[in-house]
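None of the figures in this text is laboratory data; all of them are computed from the coordinates on show. Since the structure is predicted, the reported quantities are computational estimates derived from the model, not experimental observations. So basically every Cβ, Gly included, is an ideal-geometry build from the backbone, and we count neighbours across all protein chains shown.
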Amino acid sequence: MFKKLTLAALTALGVSGALASGAHAAGGEAHVEDYAFSFEGPFGSYDQMQLQRGLKIFTEVCASCHGLKYVPIRDLGALGYNEDQLFAYAEQFDVFDQELNDGDGDFRPARPADNFPAVTSAAAPDLSMMAKARAGFHGPYGLGINQFFKGIGGAEYIASLMAGYHEAPECAPEDFPGYYNTVFTVGGYPEECKNEEGAHTVPGSWIAMPPPLAGDDVEFDDGHSASLHHEAADVAAFLMWTAEPKMNQRKEAGFIGVFFLLILSVLLYLVNKRIWAPIKRKH
Ligand code: HEC
């Protein structure tokens with residue numbers, strides 16, 4: 001039974017690994033940098049200050065194109081904002097309310113009970129769950145299980161993507177649509193940059209998103225560095241939080257579970273000894 005289970009698990013891992021490296025190989029050797037996020041590992045938790053900085057970057061830079069339609073604005077209370085601040089923050093967004101205007105609907109300023117708007121105009125994907133959606137595919141060895149072993153997941157991918165813009169390689173025609181990014185692997189790729197076998201000769205691919213961050217895009221009250229690298233990490237951490245706001249609670253619950261199981265194991269061991277004691281003594 002155990003052998004079968006182990007085999008099944010290994011096969012599943014192997015298949016997902018092969019799938020992941022297949023997707024990976026399709027875009028050349030994209031390199032996702034290993035950022036040291038505070039929420040990695042079994043003891044890691046979110047850094048509230050970092051999430052606040054990430055929210056600021058999202059609001060001032062990304063929100064013009066991207067929505068966060070699954071995230072209620074009131075959830076920002078977890079980042080340390082009080083009710084007045086939440087109302088003030090929500091007001092800057094306009095949401096469509098069907099009940100206004102005698103049922104015809106109209107726009108009104110958002111309230112904390114509303115979700116972030118879903119921006120649909122820029123053909124940009126919703127970012128609510130992006131950090132989770134991109135967790136499995138990328139990593140230094142192209143294995144989906146990198147997140148498990150090395151703590152490299154969607155947040156690393158997003159941060160690396162922000163910093164992954166480079167001058168287009170010479171092989172590409174000048175009018176090739178999009179922006180060259182060494183981390184993005186699923187975008188357009190010019191025929192001219194493939195070799196005779198059709199394999200990619202340069203890493204990454206061409207993404208439709210213009211480079212959103214250049215460094216110094218925002219100003220932090222506490223004087224925290226707004227270099228490209230720091231901004232990329234901060235906004236990626238914030239998007240990790242939107243995708244998994246209850247991560248801290250999940251880890252805590254896990255620890256309580258493990259703690260109880262440990263106590264239970266000790267008790268079972270002692271009970272087992274006592275039950276078998278009269279029988280074993282006979283030999
Ligand atoms: C000018 C509009 C615009 C802005 C501003 C913008 N994006 Fe994008 N973003 C896009 C578009 C368009 C795409 C789809 C790109 C594609 O599929 O080629 C995209 C895609 C993405 C993706 C998905 C990449 C993938 O693997 O599919 C992420 C993550 C992302 N953006 C993050 C951000 C972050 C973080 C910011 C703010 C720092 C930001 N974007 C600002 C337009 C924008």
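So if the hydrodynamic radius of the stretch 188-283 is defined as the Kirkwood radius over C-alpha pairs, what does Stokes-Einstein give as its diffusion coefficient at 37 °C and 0.692 mPa s, in µm² per second? Can you show the working numbers first?
Working: Rh = 20.3 Å.
Result for D is 162 µm²/s.
Can you tally the net charge around PHE116? Count Lys and Arg as +1, Asp and Glu as -1, for every other residue whose Cβ sits under 10 Å from the Cβ of PHE116. Display every interim value, and only then the final one.
Details: positive: LYS69; negative: ASP75, ASP114, ASP126.
Within the 10 Å Cβ shell, the charges total -2.
Taking the highest mean first, how do the peptides 160-166, 86-92, 221-227 order by number of other beta carbon atoms within 10 angstrom per residue? Kindly include the intermediate steps, with their values, before the conclusion.
Numbers: 160-166: 22.0, 86-92: 15.3, 221-227: 11.9.
The peptides rank, most packed first, as 160-166, 86-92, 221-227.
For the stretch 243-283, what is the per residue volume of the convex hull drawn over the alpha-carbon atoms, in cubic angstrom? Mind dumping the intermediate values first?
Numbers: hull volume 2.2 nm³, N = 41.
Once divided by residue count, the hull of the stretch 243-283 is 54 Å³.
Where does each of 247-253, 265-271 land if you order them by average Cβ count within 10 Å, highest first?
Highest-to-lowest ranking by the protection proxy: 247-253, 265-271.
Could you pull the Cα extents of the stretch 30-81 along its three principal axes, largest to smallest, in whole Å?
Largest first, the stretch 30-81 extends 31, 28, 19 Å along its Cα principal axes.
Can you work out the FRET efficiency for the pair ALA208 and ARG108, with r the C-beta to C-beta distance and R0 = 35 Å, to the nearest 0.05? Before the final figure, lay out the partial values.
On the way: r = 32 Å, r/R0 = 0.90.
FRET efficiency, ALA208 to ARG108: 0.65.
In Å³ and rounded to a whole number, note down the convex hull volume per residue for the Cα atoms of the stretch 42-131. Show your work: numbers first, answer last.
Working: hull volume 9.9 nm³, N = 90.
Enclosed volume per residue, from the Cα hull, is 110 Å³.
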